[in-house]
Structure formats: C-alpha cells, structure tokens
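One structure below.
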Amino acid sequence: MAKTETPRRIRGTQDIFGDEQRRFAHVLSTFERVRALYCFQRVDIPVFESTAVFARSLGETTDVVSKEMYTFEDRGGDSLTLRPEFTAGIARAYLTEGWQQFAPMKLTTSGPVFRYERPQKGRFRQFHQIDAEVIGAAEPAADVELLVLADQLLRELGISEGVTLQLNTLGDAATRDAWREALVAHFEAHRGELSEDSLTRLEKNPMRILDSKDPRDRPIADSAPDIDAYLTDEARAFFEAVTAGLDAAGVAWERNARLVRGLDYYRHTAFEFVTDRLGSQGTVLAGGRYDGLIGSLGGPETAGVGWAAGVERLAMLLEEPAAPEIEIVVVPADPTAWDVANALVAGFRRAGIVTDMAYKGNLKRRLSKADAQNAYMAIIVGEKEIEKQAYTLKLLRTGGQLAIPVGRFAAVQGLVRETAWRRDKGASVRTILTEAFGIGVDE
C-alpha cells in the first residue's frame, strides 16, 4: 500500500506556537486591557462577507480588490469574500443591525484577515489584526482619542521606542476636489514618465500615485503640489484641533504631507505609526477618517474614523517573552498515588493556582520536569506519603522541603494568595512556611 503523503501547511499561513504564540497572546491581552481603559466595546463580525461589501467600500481600483482578495462562489451562487480588513464589515454591521441608535459607537475587534500577496517578513496570506473604530462622531476629539489609545497600546507593549506617528490631513470634500484637480494636471504633464500602474491610477485614483514605490514615479510624486495650498478654513481648523489634542495628551507626531488614503470616502486625518526595525514593512499601525464610507454602502452619511495594526508585526517588536509562570507541580511517585494526585491538581486549579502534573517517567525524571518548568514548588505524593497522611512539599527555587500533614494542606492556597510568596518570591523558606502553615523550619 502506497504511503500517504503528509499534507503541507499552505504557503503564506503560519502555525503559531511557543515563544511566538506567547508574543502573539501578549499583544492581544494588552490590547483588550487598554481598549477597556478607553471604554471601547468589543465586537465580533463574520470572517466572510458578500463580495460587494469590500468592492464598494475599498473600491474596484485598489490592489486589495483587484489583486488580493480571496473571493469564491458558494453553493447558492453568491459571491463571498474572506475579509481582507475589518472596517468595511463593521460598517456593514452598523447599517444592517440597526446600530445607528447607539451612535457614537467606540468599537474594537481582532482576528484573522486574508490577502493573496507575496509572503515575506511580517506579511502573510492569513494574518491577524487588531482594529479600533469610532462611528458616528464627526468631532476631531474622536481622532485624538483613537490616536492616544494607539500610542498607549504601543507604550504598554514596550515597543514605542523608535516608532514614530506620522500625521497628515486629507481635508474635506472641497479640499480633496481642488487638490485632486491639481494632482491630475501635474501628473498629466509627466504622463510619459509614469509607470504602468500609475497611469492606471491617474484615470481613477490619482492620489495613490503619491505613495508609489516605483523609482520611475518618485521624482514626479515628490514634486507634486501639497494639499496645504488647497485646505479650506474648516479643514485647516479640524487638523489644528487634532494636533492640539495630541500635544495636550503628550503624544509626539510628525507631519508627513505625502501620507494619503486614495479612496473618495476618506476625509481629514490620515496617520501611520512607522519604524525602521522591520525592514521594508515599516508600518505597524495605520488608519484615518472615513466619513464617506457608510454612505458608499448605501447608508446615511455617517462620520467614522479608525485604525488597524498587524498582530504579527507588533509581536516581532516585543522583547523575549517570559516563560509561563507555573506555581505548583504535583509529582505522583508511584501508581498508587494517581487518584490522590489528580484530586490535589483539581483542587489547586479550582482555587486559581497554576498547576501541572508530572506523570511521565520515573520519580527523578518527574522532578526534573518540575525544575525545568521553573515551578515554585513540587508536591510529591506516593505510597509512603499516603500511608503517613503527609505529603512532601519541596520548594524548588529557594530550596528546602518538609512533610505537610494532609489536614493542613489546604493552607497551600493561602501560600499562593496571602503570604510572602506572591509579594516577594525571594522570601526565605522559614518565612514562607511559617506564614503559610504556622510551622517553624530550620534552614
């Protein structure tokens, strides 16, 4: 019989484990903690949507829609797409679920997103994002709150060093119309020198030429007119309110007049947090104001602003994660102790104590495992301990051991919650055991 070939992991996907998973989990748990400080509600939306949600919101001419979406026809003949980002799905939910009654809404979410692009460092075909949105607030204070949230998140992750907030204004509709007209005139004058992609963008999305990476386009893009000359008084006042709010909150920023969002529904604030620590993939968090998005989906004109960040990229910037903290390892010394050991483990876990059981190999190997896990203590249970009704407690980090009578063993819970162990892991054996059990021990 022919040997069955083992299936391979799909290119551009990843199996996340060990230190990498701990980094990943740390990003998500920190995000959850910080978003709660800012009173943002968690929302979860489907992994796939009607293709029209993304085609109408992102625009048919964007690379995401034209080249990168995972789109398929289901058995009912409907065109569905795996989400390439979160904002469009949240906007769709805002309309279809009747959430207008709750506006303004401060929402966060996280999870996998999908784009068919060339895999490289920090970029995958299935990757993960965290996302924050404010819907229904046209005030610059919403932009400021989102940016301050992002800044605090990066600080609490310990990765803000070397990360810069780049900020720009895209103005209001009148500003964009005037600027777009000036850009088209500028690029038309250099039509013969532009790349093929930029010629396509010139017809439908000329602002995107400004962030072209093609060397042929850069001199032309760099000499294009800035938006500042076309800002209306209202647009200028909005941007000044955002920058003043950031200054008041102590968030450093830099102006980048070439930072754009090319779609028509983007307004006012555009921003990126960038670093040089990730090579060419230097953006770690980005977003902007999209006051025209919900209107493009068929809803009433509704203000919106938001950002997203790649979990993988944030995780790459983290320091080496700490190993999981294991408090107790129960070590059954022989088969007669299985039931007692299981009962102990279950009791500790129900009391909120991080507990493992070493059940493979001989006693020496089981104790070695407890040491290797950097556990604080091992509890040895065997035929001898059961007979004497006293289990052996072995402090692995500070040294020392003694037999604890079964009747007093419930005090181990106090060892975790109330004694010097939690307050000072370096306390002496005598102090720990005296406080936990009322037993004096010679060291």
Selection within segment 204-213 - over 30 Å from the mean Cα position of the chain (by Cα) and free of Cβ contacts under 8 Å to residues at least 60 places away in the same chain: Pro206
Residue match in segment 211-222 (condition: at pLDDT 90 or above, among the basic types (Lys, Arg), outside any helix (DSSP H, G or I) and surrounded by fewer than 16 Cβ atoms within 10 Å (Cβ to Cβ)): yes
Any chance Ala132 is of a type outside the set (Lys, Arg), more than 30 Å from Pro215 (Cα to Cα), out of contact with any helix residue (DSSP H, G or I) (no Cβ under 9 Å at 6 or more places or on another chain) and touching a residue at least 60 places away in the same chain (Cβ under 8 Å): no
Qualifying residue in segment 151-159 (condition: touching a residue at least 60 places away in the same chain (Cβ under 8 Å), more than 30 Å from Thr108 (Cα to Cα) and either crowded, with 16+ Cβ neighbours inside 10 Å or of a type in the set (A, V, I, L, M, F, W, C) (or both)): no
Test: residue in segment 352-372 that is surrounded by 14 or more Cβ atoms within 10 Å (Cβ to Cβ), out of contact with any Lys or Arg (no Cβ under 6 Å at 6 or more places or on another chain) and in a strand (DSSP E or B): yes
Those residues of segment 177-215 which are among the hydrophobic types (A, V, I, L, M, F, W, C) and touching an Asp or Glu at 6+ places or on another chain (Cβ under 8 Å), in sequence order: Leu194, Leu202, Ile209
Scan of segment 86-115 for residues that are on the phi > 0 side of the Ramachandran plot and surrounded by 15 or more Cβ atoms within 10 Å (Cβ to Cβ), ordered by number: Gly111
Which numbered condition Ala174 fails, given (1) under 28 Å from Glu254 (Cα atoms); (2) in a helix (DSSP H, G or I); (3) in contact with an Asp or Glu (Cβ under 8 Å, 6 or more places away or on another chain): (3)
Exclusive hit being in the same structural domain as Pro140 (by TED's automatic domain parsing) and in contact (Cβ under 8 Å) with a residue 40 or more places away in the chain, set Ala224, Ala249, Ala286: Ala249
Residue ID - modelled with the lowest pLDDT, chosen from residues in segment 1-40 that are among the β-branched types (Val, Ile, Thr) and in a loop (DSSP other than H, G, I, E, B): Thr4
Answer from Asp131, Asp143, Asp151 - the residue that is among the acidic types (Asp, Glu), within 30 Å of Thr243 (Cα to Cα) and touching an Asp or Glu at 6+ places or on another chain (Cβ under 9 Å): Asp131
Matching residues in segment 116-171 - criterion: being assigned to a loop (DSSP other than H, G, I, E, B), modelled with pLDDT of 95 or more and within 24 Å of Ala103 (Cβ to Cβ): Gly136, Ala137, Ala138, Glu139
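The values are calculated or read from the model by the stated rules, or taken from the named source; none is laboratory data. Computed from a prediction, not measured in an experiment: that's the story for all the values here. Neighbour counts are summed over all protein chains in view; Cβ atoms, including those assigned to glycine, are modelled from backbone coordinates with ideal geometry.
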